[in-house]
């Protein structure tokens, strides 16, 4: 019987432009008035490891930018995994690659605005 663990790993660094000034939250979370300097930003991948064989698979399809929508302070509350009788894993994790159109946000109306929304994704595999 295989035993699996899943985790995020920061394995990709890319520049991220900070927000210098904007409205206070919640509107400021998606509406930046003036952009600030660039900073180093670690992007994440989601991995599953079979600890009985010590093998690891990357299950995310693109690096996950934890700064989208939450400013880099909140990601990963929604993760889970199961395995079936054939030793296949079924992982469930938080991702920010999904782009959605926002019109209303916390009671504020916007011109339709495209944002990266935190969402959950699934992936299955075996070793």
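Among 79, 42, 56, which one shows the biggest mean-square fluctuation in a GNM of the chain, springs joining Cα atoms closer than 10 Å?
The residue that fluctuates most here is 56.
Where in region 50-64 does the amide nitrogen come within less than 14 Å of the point 7 Å from the Cα of residue 14, taken along Cα to Cβ?
Hits in region 50-64 for residue 14 at 14 Å: 61-64.
Just to be sure I understand: with springs between alpha-carbon atoms less than 10 Å apart, which residue in 107, 28, 36 has the highest mean-square fluctuation in the Gaussian network model of the chain?
In this elastic network of the chain, the residue with the biggest mean-square fluctuation among 107, 28, 36 is 107.
GNM on the chain, C-alpha springs below 10 Å: top fluctuator among 34, 68, 46?
It is 34.
Counting other beta carbons within 10 Å of each residue's own, what order do 95, 11, 45 fall into, fewest first? Spell out each step's value before the answer.
Values: 95 22, 11 12, 45 18.
Sorted ascending by nearby Cβ count, the order is 11, 45, 95.
Can you pull the Kirkwood radius for region 59-122, inverse mean 1/r over Cα pairs, to one decimal in Å?
After inverting the pairwise mean of 1/r, the radius is 13.5 Å.
Once you order the gyration tensor axes a ≥ b ≥ c over the Cα atoms, which shape class does region 1-47 get: rounded for a/c under 1.5, otherwise prolate or oblate by comparing a/b with b/c?
oblate
For the residue pair residue 38 and residue 108, what label-to-label distance in nm results when each label sits 7 Å from Cα along the Cα-to-beta-carbon direction?
2.7
What order do you get for 93, 105, 16 when you list them from fewest to most C-beta neighbours inside 10 Å?
If I rank by nearby Cβ atoms, fewest first, I get 105, 16, 93.
Distances longer than 18 Å among the Cα atoms of the chain: what percent of all pairs is that?
Result for the distance tail: 59 percent.
Quick note: the coordinates plus some simple rules give every number you see, no bench work behind them. Note that the coordinates shown come from a computational prediction; the quantities given were computed from them, not determined experimentally. Neighbour counts run over all protein chains shown; Cβ positions are idealised from the backbone, glycine included.
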